[in-house]
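Working notes, beginning with the structure itself.
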Amino acid sequence: QVQLVESGGGLVQAGGSLRLSCLASRRTLRNYAVGWFRQAPGKERDFVAHISWSGVSIDYADSVKGRFTISRDNAKNTVYLQMNSLKPEDTAVYYCANHRDGTMFLTSSYDYWGQGTQVTVSS
């Protein structure tokens, strides 16, 4: 079982930046592709970004392309999400999860989820 812990969230003004981290424990994360999702109050959990186990293949939701960057450091068992040019509509709880199989865009394709980290962007 993989245990994932997100960190790095906070309150930031529009146009600012944050870097989220997803640290794995109990098992190595290097064998897994990893996805980031976000969930705003009253809304579904939406796909944000995905990175393959090697880091070679990367995908983003259209809403964050050009502003967010996903990366990983397998030696540190950590996946990152660098978020720049933040907008109020980016406000949500952000989650990471290991990708088991199936399409990367669906939450049902992922096994283990962290507890989430809150990102709030003020206008």
Area of GLU44 that stays accessible when all protein chains are in place (1.4 Å probe, Å², to 10): 140 Å²
Restricting region 4-44 to trypsin sites (Lys or Arg not before Pro) in coil, as DSSP defines it, with at most 13 other Cβ within 10 Å: ARG26, LYS43
Measure of compaction for the chain (Cα Rg per 2.2 N^0.38 Å): 0.97
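Would you mind getting the accessible area per residue of the chain, heavy atoms of the protein chains only, 1.4 Å probe, in Å²? Kindly include the intermediate steps, with their values, before the conclusion.
Values: 6240 Å² over 123 residues.
Computed with neighbouring chains in place, this is 51 Å² per residue.
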Within straight-line cross-link reach of LYS87, aspartates and glutamates at Cα separation under 18 Å, skipping those fewer than 8 residues along the same chain: ASP46, ASP62
Residue (of ASN77, ALA40, GLN115) at the positive-pole extreme of region 11-123, dipole from beta-carbon charges: ASN77
Gained length - ARG30 relative to ILE58, 0.36 nm times residue gap less alpha-carbon distance: 8.6 nm
Residue list for region 7-43, given a label point 7 angstrom along the Cα-to-Cβ vector of SER122 and an amide N cut-off under 17 Å: 9-18
Within region 79-123, chymotrypsin sites (Phe, Trp or Tyr not before Pro) in DSSP loop having at most 16 other beta-carbon neighbours inside 10 Å: PHE105
Rounded to whole Hz, the Karplus (6.51, -1.76, 1.60) HN-Hα couplings of region 27-44, x for glycine and proline: 9, 5, 8, 5, 8, 10, 6, 10, x, 10, 10, 9, 9, 8, x, x, 10, 6
Two-site label geometry, ALA14 and LYS87: point separation in nm, points 7 Å out along Cα→Cβ: 1.0 nm
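The values are calculated or read from the model by the stated rules, or taken from the named source; none is laboratory data. All values derive from a computational prediction rather than experimental measurement. Virtual Cβ from ideal backbone geometry, glycine too; neighbours counted across all protein chains shown. Ligands, DNA and RNA are excluded from the accessible area calculation, which covers all protein heavy atoms including side chains. Shrake-Rupley method; radii C 1.70, N 1.55, O 1.52, S 1.80 Å.
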